[in-house]
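*Asks:* Take a look at the following structure, please.
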Amino acid sequence: MRKILAGMVSAGLALALTACGSDEIPADSVYANQGATIGISMPTTTSPRWVADSDAMIEQFEAMGYNTEREYAENKPEDQAKQIQGMIDRGDKLLVIAAVDGSALTEQLKAAEAKGIQVIAYDRLLTGESEVDYQATFDNVRVGQMQAQLLVDRLDLDADDDKTYNIEWFAGSSTDNNAQDFYDGNKAILQPYLRSGKIKIVSGERRFNQMTTKDYLREVAQERMTRLLDENYQNQQVDAVLSPYDGMSLGIIDALKEAGYGTDDKPLPVVSGQDAELDSVKSIIAGEQAGTIFKDTRELAKVAVEQGNAMLTGTKPIVNEEEFFENELGKVPTYLLYPVAIEASNYKTLLVDSGYYEAEALMS
Ligand code: GAL
């Protein structure tokens, strides 16, 4: 992993110096990155959060005087590799990447390294032998714990009674390192209740590789839920479904409704989620999805922009976690943000009063 040029130079100072007409600046100095282009590579538009994340970064980077170019890989690792190669060939100075497959970009990242192009892993770790300088992300194990805690609280699993509950469990995309973190967090909370028999996974599908969901897709989650219901719930009901992401939660709820859930006799099970996407917040308000985990993408974008600007101006990027994240090339210094649990009782304060969503957007 590459070392960043040291020196306390802000972008503002760099701009001021050039405005004074200094032509003594060597081409490889930290000032050389003024007006540089930053490549922003996002995994997909199927999840609206990646659009919001990259819009926020573009606005902030451009306000600092940088140029940006953004591409979406639409969940195809090979397209993302090509798009990133294009950014390298066009001379971008910094790449901010949320990978479809964290291990599929090693060749391009080696080429970036050879050209002195710096790399930030955005939200998702770049794994394998990926050359990466910094990461901006959330505490995703904590996300997983909070998702499972929603089930514990809503089913009242700590009550001193003999009731037992049926649950099913979903994981995210097998190519995204975060999916394993969510699962580990889920497991840390659910394990004691599974061991004691308080909850039971009726399908028996409890290993990570039995429950992953291709590209976190809504329809893939819906299909699996339909299958689980057909195979296991002809004579009993499911009481909770651990879903790691809002888009999947909505697919799961669709499958449940098709199977007759959502009535007084057969209420919808407790369904978790993540990202506080608009449609899921509406579902929470309507009393369908039970809750979600909010990761404020405005804050994450701000962190990545601060890291990127520091890298391009030779100052030290913000980091608060040096040890936890690593790939096969070594540790990845990271800035970790903390998620917040959202339910019908607190969405107004956390999502509307904070300006994340307009109240009207949640009504339509
Ligand atoms: C994960 C991310 C989640 C969710 C999911 C599907 O990597 O951490 O917040 O967005 O992808 O897009």
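*Asks:* Only bridges with both residues in the chain count here: give the DSSP antiparallel percent, nearest 5.
*Replies:* Here the share of antiparallel DSSP bridges comes out near 15 percent.
*Asks:* What is the angle, in °, between the Cα long axis of helix 246-258 and the longest principal axis of the Cα atoms in the chain? Nearest 10 is fine, range 0 to 90.
*Replies:* For helix 246-258, the angle is close to 20 degrees.
*Asks:* Could you state the angle between the C-alpha long axis of helix 177-196 and the longest principal axis of the C-alpha atoms of the chain, as a value from 0 to 90 degrees rounded to the nearest 10?
*Replies:* That works out to roughly 30 degrees.
*Asks:* If you plug each phi of the stretch 323-331 into the Karplus form 6.51 cos²θ - 1.76 cosθ + 1.60 with θ = phi - 60°, what whole-Hz ³J(HN,Hα) values come out, in order, with x for Gly and Pro?
*Replies:* Karplus-based 3J(HN,Hα) across the stretch 323-331 equals 9, 5, 9, 8, 10, 5, 9, x, 6 Hz.
*Asks:* Using a 1.4 angstrom probe and counting only protein chains, how large is the accessible area of GLU107 in Å², to 10?
*Replies:* 140
*Asks:* How big is the chain by the Kirkwood estimate over distinct Cα pairs, in Å?
*Replies:* Hydrodynamic radius (Kirkwood, Cα only) of the chain equals 21.7 Å.
*Asks:* Also: Using 1/(1 + (r/R0)^6) with R0 = 25 angstrom and r between the beta carbons of ASP254 and ARG207, what's the FRET efficiency to the nearest 0.05?
*Replies:* 0.50
*Asks:* Hey, for a label at VAL51 modelled as a point 7 Å past Cα toward Cβ, could you say which residues of the stretch 255-277 have their backbone N under 17 Å away?
*Replies:* 275-277
*Asks:* For the stretch 140-294, what size does the Cα cloud have along each of its three principal axes, sorted from largest down, in whole Å?
*Replies:* Largest to smallest, the principal-axis extents are 38, 32, 29 Å.
*Asks:* With the full set of protein chains in place, find how many percent of the accessible area of the chain is carbon and sulfur; take the probe as 1.4 Å.
*Replies:* After summing per-atom areas, the C and S share lands at 48 percent.
*Asks:* Round to a whole angstrom and tell me the spacing of the C-alpha centers of the stretch 178-243 and the stretch 116-138.
*Replies:* After rounding, the separation between the Cα centres reads 30 Å.
*Asks:* Is the shape of the stretch 168-231 best called rounded, prolate or oblate, per the rule: a/c under 1.5 gives rounded, else a/b larger than b/c gives prolate, else oblate, with a ≥ b ≥ c the square roots of the Cα gyration tensor eigenvalues?
*Replies:* The shape class here is oblate.
*Asks:* How much accessible area per residue does the stretch 74-191 have, counting only protein heavy atoms and a probe of 1.4 Å, in square angstrom?
*Replies:* 36
*Asks:* Using only the alpha-carbon atoms, how far is helix 48-63 inclined from the longest principal axis of the chain? Give it as 0 to 90 degrees, nearest 10.
*Replies:* 20
*Asks:* Round to the nearest 0.05 the FRET efficiency obtained for ASN320 and GLU59 when R0 = 22 Å and r is the Cβ-Cβ distance.
*Replies:* That pair, ASN320 with GLU59, gives E of 0.35.
*Asks:* Hey, another quick one. Among 337-348, 258-269, how do they line up by average Cβ neighbours within 10 Å per residue, starting with the highest?
*Replies:* So the order, starting with the most tightly packed, is 337-348, 258-269.
*Asks:* Separation of the stretch 47-89 and the stretch 258-307 by C-alpha centroid, Å?
*Replies:* 25
*Asks:* Apply 1/(1 + (r/R0)^6) to the Cβ-Cβ distance of ASP161 and GLU343, taking R0 = 30 Å, and write down the FRET efficiency to the nearest 0.05.
*Replies:* 0.85
*Asks:* For the stretch 69-83, what does the Karplus curve 6.51 cos²θ - 1.76 cosθ + 1.60, with θ = phi - 60°, yield as ³J(HN,Hα) per residue in whole Hz, taken in order and with x for Gly and Pro?
*Replies:* 9, 10, 9, 10, 8, 6, 6, 10, x, 5, 5, 5, 4, 5, 4
*Asks:* What residues qualify as long-range amide H neighbours of PHE138, i.e. H under 5 Å apart, gap of 5 or more or another chain, H built at 1.01 Å from N?
*Replies:* Amide H neighbours of PHE138: LEU337.
*Asks:* Please compare each pair in LYS257/LYS295; LYS163/LYS257; LYS214/LYS282; LYS282/LYS331 to a cut-off of 32 Å on the Cα-Cα distance and tell me which ones are over it.
*Replies:* From LYS257/LYS295; LYS163/LYS257; LYS214/LYS282; LYS282/LYS331, over 32 Å: LYS282/LYS331.
The values are calculated or read from the model by the stated rules, or taken from the named source; none is laboratory data. Remember, it's a predicted structure, so these values are computed and weren't measured experimentally. Cβ atoms come from the backbone with ideal geometry, glycine included; neighbour counts cover every protein chain shown. We work out accessible area using only protein heavy atoms, side chains counted, and drop any ligands, DNA or RNA first. Shrake-Rupley method; radii C 1.70, N 1.55, O 1.52, S 1.80 Å.
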